[in-house]
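Take a look at this one; I'll ask things after.
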């Protein structure tokens, strides 16, 4: 009989199975591949790779670029396979038996899973009915449970709302434990708190290439913190944990990140346009968003999800058991044509006699 780790069968899991839709706006991905000029440069770079060598040069080239952009030392930057790996390693570094991790809910569903995997106790902190975080009460909860790690996703997934840099700073200044700021969607918000790292030794900022740079399939992320923090967290990574293809591609993408600015502007404009249009549909509650998606609530959410799927349109429907998300749907922002079709289908279903 195989002797598995205790309670492995009770571990929560993330459903990562993705169906292919004609219009796929359910996973907060970019609906566009790399800009043509960037794609050409990436392909040319990949042709020059030394596959027989470990990816030291490519790793440190990207680290140097990121450090220079944020005016930090290279010792303050770590790379990971998406910000998901970064977050998982931070939980591991500050987890363990008897340690507590405080995070808002609803938020990124993996926080609960990472806490369990790190043998730590996850302590969810409830957002209010409008998905706002009471900063003072959040700080109070962190202190009460003597947490070893506090986590905030900003802008928050799946709700889309965001804290201001001043609110982030208040949290960092008011707690003694590690504070992980998950900025996966910050490029759509434009108000990063990464500059606070120099002032707060407990602050760790995680970022990703998956959203703004359309590299979800490549799995690239990074974190910025003070050198002592990155030194300790680096101990949780395996040697050469990132592959040379991903690193080389990300290096080119980061060099050419200005090529993505028009796309970011388009997504932000489309998010605002879609929000205003959806607000005009009867009985649809639209929540404010600073990300690349919009969260809506309506009584017929599951029926609408099924109807859209019949049209080969995929959006995110949340289980009735998901805290605070009953009757909620999350719609990622696609191209203008995709957004128009999604909106027309929603309007027809709700107002067209379905």
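The values are calculated or read from the model by the stated rules, or taken from the named source; none is laboratory data. These figures come from a predicted structure and were not determined experimentally. Every residue, glycine among them, receives a Cβ derived from its backbone with ideal geometry; neighbour counts consider all protein chains shown.
Checking residue 166 against (1) assigned to a helix (DSSP H, G or I); (2) within 17 Å of residue 229 (Cβ to Cβ): exactly one of these is not met. Which one?
Every condition holds for residue 166 apart from (2).
Oh, and also: Which one of 201, 210, 275 is touching a strand residue (DSSP E or B) at 6+ places or on another chain (Cβ under 6 Å) and either modelled with pLDDT of 95 or more or not in a helix (DSSP H, G or I) (or both)?
275
Is it true that residue 73 is over 30 Å from residue 296 (Cβ atoms) and over 17 Å from the mean Cα position of the chain (by Cα)?
Yes; evaluated as a whole, the condition is true for this residue.
Scan segment 249-272 residue by residue and report those that are more than 19 Å from residue 185 (Cβ to Cβ), touching a residue at least 12 places away in the same chain (Cβ under 8 Å) and not in a loop (DSSP other than H, G, I, E, B).
Selection gives 249, 251, 252, 255, 259.
Looking at (1) over 25 Å from the mean Cα position of the chain (by Cα); (2) crowded, with 20+ Cβ neighbours inside 10 Å, which is the only condition residue 44 fails?
Answer for residue 44: the failing condition is (2).
Please specify each residue of segment 90-145 satisfying the condition of being more than 21 Å from the chain's Cα centre (by Cα) and assigned to a helix (DSSP H, G or I).
If the condition is that a residue be more than 21 Å from the chain's Cα centre (by Cα) and assigned to a helix (DSSP H, G or I), then 136, 137, 139, 140, 141, 142, 143, 144 are the ones that fit.
Residue 23 - would you say it is within 23 Å of the chain's Cα centre (by Cα), touching a residue at least 40 places away in the same chain (Cβ under 8 Å), closer than 30 Å to residue 122 by Cβ and surrounded by 15 or more Cβ atoms within 10 Å (Cβ to Cβ)?
Here the answer is no, as residue 23 does not meet what is asked.
Of all residues in segment 308-334, how many are under 28 Å from residue 110 (Cα atoms) and not in a strand (DSSP E or B)? Talk me through it step by step, then tell me what you get.
Our first condition is that a residue be under 28 Å from residue 110 (Cα atoms); within segment 308-334, this holds for 308-309, 312-334.
Keeping just the survivors that are not in a strand (DSSP E or B) gives 308-309, 312, 315, 318-327, 333-334.
Residues in segment 308-334 being under 28 Å from residue 110 (Cα atoms) and not in a strand (DSSP E or B): 16 in total.
Kindly evaluate residue 62 against the criterion of being touching a residue at least 24 places away in the same chain (Cβ under 8 Å) and not in a helix (DSSP H, G or I).
no
May I ask you to verify whether residue 26 is assigned by TED's automatic domain parsing to the domain that holds residue 306, in a loop (DSSP other than H, G, I, E, B) and over 30 Å from residue 200 (Cβ atoms)?
Judged against the criteria, residue 26 is a match.
Sort through 258, 251 and tell me the only one that's closer than 22 Å to residue 208 by Cα and surrounded by fewer than 19 Cβ atoms within 10 Å (Cβ to Cβ). Show your work before the answer.
Working: 251 fails: surrounded by fewer than 19 Cβ atoms within 10 Å (Cβ to Cβ).
Of the residues listed, the single one that is closer than 22 Å to residue 208 by Cα and surrounded by fewer than 19 Cβ atoms within 10 Å (Cβ to Cβ) is 258.
Can residue 244 be described as touching a residue at least 60 places away in the same chain (Cβ under 8 Å) and surrounded by fewer than 21 Cβ atoms within 10 Å (Cβ to Cβ)?
So residue 244 passes the test.
Quick check on segment 29-41: of everything there that is assigned to a loop (DSSP other than H, G, I, E, B) and farther than 18 Å from residue 290 by Cα, which residue is farthest from the chain's Cα centre (by Cα)? Don't jump to the end; show me each part of the working.
The first filter runs over segment 29-41 and keeps only residues assigned to a loop (DSSP other than H, G, I, E, B), leaving 29-35.
This time we only want the ones that are farther than 18 Å from residue 290 by Cα, so: 32-35.
Working: 32: 18, 33: 18, 34: 19, 35: 22 Å.
Only one residue fits best here, namely 35.
Being out of contact with any strand residue (DSSP E or B) (no Cβ under 9 Å at 6 or more places or on another chain) and either more than 25 Å from residue 173 (Cβ to Cβ) or modelled with pLDDT of 95 or more (or both) narrows it down to one of 124, 55, so name that one.
One residue alone meets the criteria, 55.
Still on this model: Consider residue 233 carefully, then state whether it is within 29 Å of residue 287 (Cα to Cα) and either modelled with pLDDT of 95 or more or not in a helix (DSSP H, G or I) (or both). Show your work before the answer.
Details: within 29 Å of residue 287 (Cα to Cα): no; either modelled with pLDDT of 95 or more or not in a helix (DSSP H, G or I) (or both): yes.
Taking the combined requirement at face value, the residue does not satisfy it.
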